[in-house]
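S.K.: I'd like to ask some things about the structure below.
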Amino acid sequence: MTDSDDEKEIRAVIEGVTGALNAADAEKLDSLLSDRPGSAYIGTSPDEWWTKEKMVADHKAAMSVEGSPVRFEMDEVQVHVLGGVAWTESAGKFTNGEAERAIRMTCVFVREGDQWKTVQSHSSIGVP
């Protein structure tokens, strides 16, 4: 089964967000996240619950530091599209050069004009 154009565009958004997070590229990140009220971006730590504004501001602050040793990689991504809404579930990892931690992630996307934007994401670390 080949990806539809929408699925390809959503995969490109995921790659863009991943690249922006790894590079602390706040402008790129800002362009890929939705401005919709209620958008939420939830990380693996209890204090990682961001609005778009907070996430972009945190990454702007990170740009003044010599780069984070933590890298974010996605391995498997399943994309599902229903009209102007899409969602993904994926597996990946955080690495810091010495260790890696497997993660799971879900995202919700909405079509805004001619562009897909991330409106919600949630990352978790599986606990046996």
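The values are calculated or read from the model by the stated rules, or taken from the named source; none is laboratory data. What you see is a predicted model; the values in this text were computed from it and never measured. Neighbour counts are summed over all protein chains in view; Cβ atoms, including those assigned to glycine, are modelled from backbone coordinates with ideal geometry. Accessible surface areas use protein heavy atoms only, side chains included; no ligands, DNA or RNA. Shrake-Rupley method; radii C 1.70, N 1.55, O 1.52, S 1.80 Å.
S.K.: Roughly to the nearest percent, how much of the accessible area of the chain is carbon and sulfur, given a 1.4 Å probe? Don't skip to the end; give the middle numbers.
M.R.: Details: 4130 of 7830 Å².
That share works out to 53 percent.
S.K.: With 5 Å bins from zero, work out the P(r) of segment 80-123 over every alpha carbon pair and list the percent per bin.
M.R.: 6, 21, 23, 17, 13, 10, 7, 4, 1
S.K.: For segment 112-128, what does the Karplus curve 6.51 cos²θ - 1.76 cosθ + 1.60, with θ = phi - 60°, yield as ³J(HN,Hα) per residue in whole Hz, taken in order and with x for Gly and Pro?
M.R.: 10, x, 9, 10, 7, 10, 7, 10, 7, 9, 8, 10, 9, 10, x, 10, x
S.K.: While we're looking at this one, here's another question. With an 8 Å Cα cut-off and a minimum separation of 6 or more residues, compute the relative contact order for the chain in percent. Intermediate values should be presented prior to the final figure.
M.R.: On the way: 225 pairs, mean separation 31.1, N = 128.
It rounds to 24 percent for the chain.
S.K.: Right, another one. So for the pair GLU73, GLU48, with labels modelled 7 Å out along Cα→Cβ, what separation do we get in nm?
M.R.: 1.7
S.K.: Kirkwood Rh, Cα Rg: Rg to Rh for the chain? Provide the component values of the computation, followed by the final result.
M.R.: Working: Rg = 14.3 Å, Rh = 15.1 Å.
A ratio of 0.95.
S.K.: If I model a spin label at GLU27 and ARG101 as a point 7 Å from the Cα along the Cα→Cβ vector, what separation in nanometres do I get?
M.R.: It works out to 3.1 nm between the two label points.
S.K.: What accessible area per residue comes out for segment 1-117, rounded to a whole number of Å², with a 1.4 Å probe? Don't skip to the answer; put the middle values down first.
M.R.: Details: 7230 Å² over 117 residues.
Accessible area per residue: 62 Å².
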